[in-house]
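All of the numbers you see were taken from the coordinates with simple rules; none came from a lab. Note that the structure is a prediction, hence the values are computed from the model and not measured. Quick reminder, even Gly has a Cβ in these numbers, built from the backbone with ideal geometry, and neighbours come from all protein chains shown.
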Amino acid sequence: MDSLKNRNGDCNMSNLTHYTALAEVFRYPSPEREHFINEWRKIVWEFCPELEPELEQFIAHIGQKSVAEQQEYYISTFDVQALCFLDIGYVLYGEDYNRGVFLAYMKREQREAGNDCGSELPDHLPNVLTLLPKIKDTVLAEELIVSMMIPALQRMVDSFRIDGNVYQGMLSILLQVMQNNFPDSEFEKFTFSSRKKAESFEKLPQWKDVK
């Protein structure tokens, strides 16, 4: 794993390394997250300056709450009676069989990239974000972002029943960054209709041979 110093270096917008810094937004809160504030600002200024208020609200959340209070907020958002789920396969498929296929695919990609997932699943949002700059096949990275991540993030943003949660704003930022990374992509997006769910992996040729 990269050191904190390396992970907190200047973001390179051309090779997806900015997702490593954005992953820190969605990890279980620790004192180290404040080291990424300047890099988050650079990313927002580059990709979606119109969403700067959402970022500043999140930064204020970090500055005004103790780490313990941030952890409680995180748990209430993503774990206990969750407002939103961070496991991408579950967001896309729920308990459908294809979630297992997606997990197998993500496990393979994480292993091949040497990306440390810790105690979380390979499709856990921070793990997917740190994977993206490590995928050697840039076309595959684009497909994962456009076909799966963007639809999942839109569903996650929409899942908040009450406005004002700071993570909703940060998910909106992440969604906009991904959309602006590949504005002209020709990859087909995942759809949530039951028929399209069953067919989605058939339309992604890189995923047909998952073992």
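Fewest Cβ neighbours within 10 Å first, please rank GLU142, GLU109 accordingly. By the 10 Å Cβ count, ascending, the order reads GLU142, GLU109.
Residues whose amide H falls under 5 Å from that of HIS124, counting only those 5 or more places apart or on a different chain, are ILE88, with hydrogens built in the peptide plane.
Only Lys, Arg, Asp and Glu count, each charged at its Cβ (+1, +1, -1, -1), so figure out the dipole size of segment 4-207 about its Cα centre, rounded to 20 debye.
Numbers: 20 positive and 31 negative charges, 74 e Å.
Dipole magnitude for segment 4-207 comes out near 360 debye.
Projecting the Cα atoms of SER185, CYS48, MET170 onto the dipole axis of segment 4-207, where Lys and Arg carry +1 and Asp and Glu carry -1 at the beta carbon, places SER185 farthest toward the positive end. Under a 5 Å amide H cut-off, with hydrogens placed 1.01 Å from N, THR17 pairs with ASN12 among residues at least 5 apart or on other chains.
Remark: relative contact order (segment 4-207) = 24 percent; criterion is Cα-Cα distance under 8 angstrom and separation of 6 or more residues.
Among HIS18, HIS61, HIS35, rank each residue by its count of other Cβ atoms within 10 Å, from fewest to most, as a rough exposure measure.
HIS35, HIS61, HIS18
Quick check on segment 4-207: take the gyration tensor over C-alpha atoms, sort the square-rooted eigenvalues as a ≥ b ≥ c, and tell me if it's rounded (a/c under 1.5), prolate or oblate. It is prolate, given that a/c is not under 1.5 and a/b is the larger ratio.
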